[in-house]
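Down below is the structure, laid out as structure tokens.
The values are calculated or read from the model by the stated rules, or taken from the named source; none is laboratory data. Remember, predicted model here, so these are calculated numbers, not experimental data. Note that each Cβ is placed from the backbone with ideal geometry, even for glycine, and that neighbours are counted across all protein chains shown. All accessible areas refer to the heavy atoms of the entire protein, side chains included, with ligands and DNA or RNA removed. Shrake-Rupley method; radii C 1.70, N 1.55, O 1.52, S 1.80 Å.
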Amino acid sequence: MSNKKKLIQPRTLKGFRDYLPDAMMPREELVNTARRVYRSYGFAPIDTPTLEYAEILLGKGSDETDRQMYRFEDHGKRDVGMRFDLTVPLARFAAQHIGELGTPFKRYHIATVWRGENTQRGRYREFMQCDFDTIGTKSIVADIETALVIHDLMLAIGFEGFTVRVNNRQVLSGLLEKLDLVEKSTEVLRALDKLAKIGAEKVAAEMQETAGASAEQAAQVLKLAEIGGTTDEILSALDSLVAGSEKGEIGVGQLRELTAATAAAGVPAERLQIDVSIARGLDYYTGTIFETFLSELPGIGSVCSGGRYNDLASLYTNQELPGIGASLGLDRLLAAMEELGKIEARTTPAEVFIPYFDANSLQQYLKIAATLRTAGFNVELYPDAKKLGQQLKYADRRGFKVAIVAGDRELAEDKCQVKDLKTGDSAEASLAGGAEELIAGISKILRPTA
């Protein structure tokens, strides 16, 4: 009889993945950037449970998100579901705590969500969202600020070429009102949201099939979606198209105010454009809507989307709690950055590598490392006293930028070599005093423009 134990095969569930350091580091950097930008506008962090009562989540996104929701009976026989986005839990959160928080309440929430959808390249069943929202005000100022946050976020991430496309659901609703299609607005908007993917002919056919629209009604909706030109030209065309509909006229007025305000705040016209073809697929948007596209990779889709949802929290409270916000598409944006060569190949967060070169000098190496960390550098000391060549190969594989090389002779003279691991160049630096010369030498390599 064999005593050999049976090993469990290490594997992940379909649609789920592990993140190794080379993938996790840029994710964390992107999250940290989003957190910094959100905080700069006064958004405060919150968190909510992974599990909610199923009734909290059901019917709040779309039929598709209901189907994709991970739902089960827990040990207490309760019907529960795992959150599929961060907006629906926010509505429940606001209804439950707004008396304590007050309005307007500005929050950001960076957390994992789950959808049991069919997996494909770059799309998983577990993924992270980076949301920010303002709750408790209908003021256009909140809409304007949302546009500014998206703009600043894209710049902070490192993109210059991008367009924040903006529309207003009230413009669409106003036109549907004039066309007697209000009761079928959800079906019409879902079809319209597919315009870029399937084209005008198939969208018109879908409107006729799912919304019962006539060919003329579908043509009028598509006429709206195809309006183009400068901001002033688009607004003028919209004025004519929705004239007579109070709802539509309000929507056009809000677009006019938003575009004028963002321009005054310094956003170039080419970076924020009205696009009346965007509808956003989720049912709960009621006003301004946003989608953000990269100039170099428009085909990858929107990397930051959102909008106004004045009626969502009314499902949980009689208090009126209008809201507006957006979500950064973390995984999609990372895929785009990788394709565009904007992600540095590294598997360590440390910039500085200290080889354990002389077996008798461990305390001195530890002292150098501590001094450099105090100066603000991330530093790794190799744990074994191996040959220098082996240690430098390790440093190269992990993407360190600088190595501090010091043998017994250099350490006796209070000196070391500062080696640029990208160019291979080395320069001598003193370790005397507070190691200012060493710190300056490292800074010259890591932060040459500082």
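Miscellaneous remarks
- Among (1) 27; (2) 32; (3) 37, the entry that matches percent of Cα pairs over 39 Å apart as calculated here: (3)
- Relative contact order (%) - criterion: Cα under 8 Å, at least six apart; region: the range 308-450: 18
- Of all DSSP beta bridges confined to the chain, the antiparallel ones make up roughly 80%.
- Accessible area of residue 249 in the full protein assembly, 1.4 Å probe (Å², nearest 10): 100
- Normalised contact order of the range 190-246, rounded percent, pairs of Cα under 8 Å and 6 or more residues apart: 22
- Those aspartates and glutamates that a straight Cα-Cα span of less than 12 Å connects to residue 60, excepting residues fewer than 8 apart in one chain: 85, 283, 311
- With Cα atoms, 0 to 90° folded angle of helix 246-264 axis to the chain main axis: 30
- In order along the range 231-245, phi translates into HN-Hα couplings of 4, 5, 5, 5, 4, 5, 5, 5, 3, 5, 5, 9, 3, x, 9 Hz, rounded to whole numbers, per the Karplus curve 6.51 cos²θ - 1.76 cosθ + 1.60 with θ = phi - 60° and x for Gly and Pro.
- The chain: angle of helix 436-446 to the longest principal axis, Cα-based, in degrees nearest 10: 40
- Excluding same-chain neighbours fewer than eight residues apart, the lysines reachable from residue 393 by a Cα-Cα span under 28 Å are 342, 367, 401, 415, 419, 422, 444.
- Measuring gaps between exposed loop sites in the chain (trypsin sites (Lys or Arg not before Pro); DSSP loop; at most 12 other Cβ atoms within 10 Å), the longest gap, sites not included, is 122-386.
- Given charges at beta-carbon only (K, R positive; D, E negative), |dipole| of the chain in Debye: 1780
- Over the range 226-379: Rg over Rh, Cα atoms, Kirkwood Rh: 1.23
- Between the range 60-136 and the range 372-450, the alpha-carbon center distance in angstrom: 46
- Crossing angle, helix 87-101 versus the chain [Cα axis fit, 0-90 degrees, rounded to tens]: 90
- With contacts taken as Cα pairs under 8 Å at a separation of at least 6 residues, the range 53-190 carries a relative contact order of 17 percent.
- For the chain, the mean residue ellipticity at 222 nm estimated from helices alone is -12500 deg cm²/dmol, where every DSSP H run of n ≥ 4 contributes -39500 (n - 2.57) and the total is divided by all residues, rounded to the nearest 500.
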